[in-house]
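The values are calculated or read from the model by the stated rules, or taken from the named source; none is laboratory data. For clarity, every value in this text was computed on a predicted model and none was experimentally measured. In this analysis, Cβ positions are derived from the backbone assuming ideal geometry, glycine residues included, and neighbour counts consider all displayed protein chains.
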Amino acid sequence: MLNKTVATLLNDQINKEFYSAYLYLDFSNFYEAKGLHGFANWYKVQAQEERDHAMLFYQYLQNNNAPVTLEAIPKPDTAFSTLMDPLQAGLAHEEYVTGLIHTIYAAAQEAKDFRTTQFLDWFVKEQGEEETNSHDLITKMELFGSDPKGLYMVDSELAARTYAAPTLTL
Ligand code: MG
């Protein structure tokens, strides 16, 4: 039986991860409209990863006989003017998600729920990678984004990203 606070936070995280997927689909849509298919691809793949994250929390709750409640996913509320804007919004969002994961982790530790802390270890590491990726995109845009040829090269690089299933399985 999961601790009630921990179970509620885990359930909330399903929604947060689906929102992340929604947010990144919105980013993808922005870049697609700008003709940057590589950036659009990168965020479409990222959205798939976020959906996987949501499903891991969903499955974890079910595996532990905890009820799952699916709430409404908020509308991404973002208006971008520059090519850099989504990248910075992405980093801010990942830092926010890191905070959410750490809050669940702290609650699980408090409840001596070591099964959940072990489950969350993967997400702690994953968030480190997400923040690094977000920083890297910003750096690339700072370095090359103002030059059309540079932007073309970055877009071509991001076009090569392919989806891979999460390394965590339940
Ligand atoms: Mg995520």
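Would you confirm, using the coordinates I've provided, whether LEU91 is within 12 Å of the ligand (Cβ to nearest atom), under 23 Å from ALA21 (Cα atoms), surrounded by 12 or more Cβ atoms within 10 Å (Cβ to Cβ) and of a type outside the set (Phe, Trp, Tyr)?
Numbers: within 12 Å of the ligand (Cβ to nearest atom): no; under 23 Å from ALA21 (Cα atoms): yes; surrounded by 12 or more Cβ atoms within 10 Å (Cβ to Cβ): yes; of a type outside the set (Phe, Trp, Tyr): yes.
Judged against the criteria, LEU91 is not a match.
Among the residues of the range 63-93, those that are touching a Phe, Trp or Tyr at 6+ places or on another chain (Cβ under 9 Å) and part of a helix (DSSP H, G or I) comprise ASP85, PRO86, LEU87, ALA89, GLY90, HIS93. For first residues located in the range 49-64 and closer than 17 Å to GLU129 by Cα and free of Cβ contacts under 8 Å to residues at least 60 places away in the same chain, partners that are near the ligand (Cβ under 10 Å from one of its atoms) and among the β-branched types (Val, Ile, Thr) and lie 6+ apart or on another chain with Cβ distances below 7 Å do not occur.
Within the range 54-62, can one find any residue that is at pLDDT 95 or above and part of a loop (DSSP other than H, G, I, E, B)? No, the range 54-62 contains no residue that is at pLDDT 95 or above and part of a loop (DSSP other than H, G, I, E, B). Scanning the range 26-48 for residues that are in contact (Cβ under 8 Å) with a residue 40 or more places away in the chain and surrounded by fewer than 22 Cβ atoms within 10 Å (Cβ to Cβ) returns ASP26, PHE30, LYS34, LEU36, HIS37, GLY38, ASN41, VAL45, GLN48. Every condition in (1) away from the ligand (no atom under 16 Å from the Cβ); (2) within 14 Å of the chain's Cα centre (by Cα) is met by VAL45 except one, and the failing one is (1).
Taken together, the criteria exclude LEU2 from residues that are part of a helix (DSSP H, G or I), over 19 Å from GLN88 (Cα atoms) and not charged (D, E, K, R). For beta carbons closer than 8 Å, sequence separation of 6+ or different chains, a first residue in the range 131-151 that is among the hydrophobic types (A, V, I, L, M, F, W, C) and a second that is surrounded by 14 or more Cβ atoms within 10 Å (Cβ to Cβ) and not in a helix (DSSP H, G or I), the qualifying pairs are ILE138/MET84; MET141/LEU83; MET141/MET84; LEU151/LEU36; LEU151/LEU83; LEU151/GLY145.
Scanning the range 60-67 for residues that are within 16 Å of the ligand (Cβ to nearest atom) and among the hydroxyl-bearing types (Ser, Thr, Tyr) turns up at least one hit. TYR96 meets each of the listed conditions (1) of a type in the set (Phe, Trp, Tyr); (2) farther than 15 Å from ALA21 by Cα; (3) part of a helix (DSSP H, G or I) apart from (2). Taking the criterion of being among the hydroxyl-bearing types (Ser, Thr, Tyr), surrounded by fewer than 19 Cβ atoms within 10 Å (Cβ to Cβ) and away from the ligand (no atom under 15 Å from the Cβ), the residues of the range 115-157 that qualify are THR117, THR139, SER146, TYR152, SER156.
Of the numbered conditions (1) touching a Leu at 6+ places or on another chain (Cβ under 6 Å); (2) within 16 Å of the ligand (Cβ to nearest atom), PHE39 satisfies every one except a single condition; which is it? (2) is the only condition that PHE39 fails.
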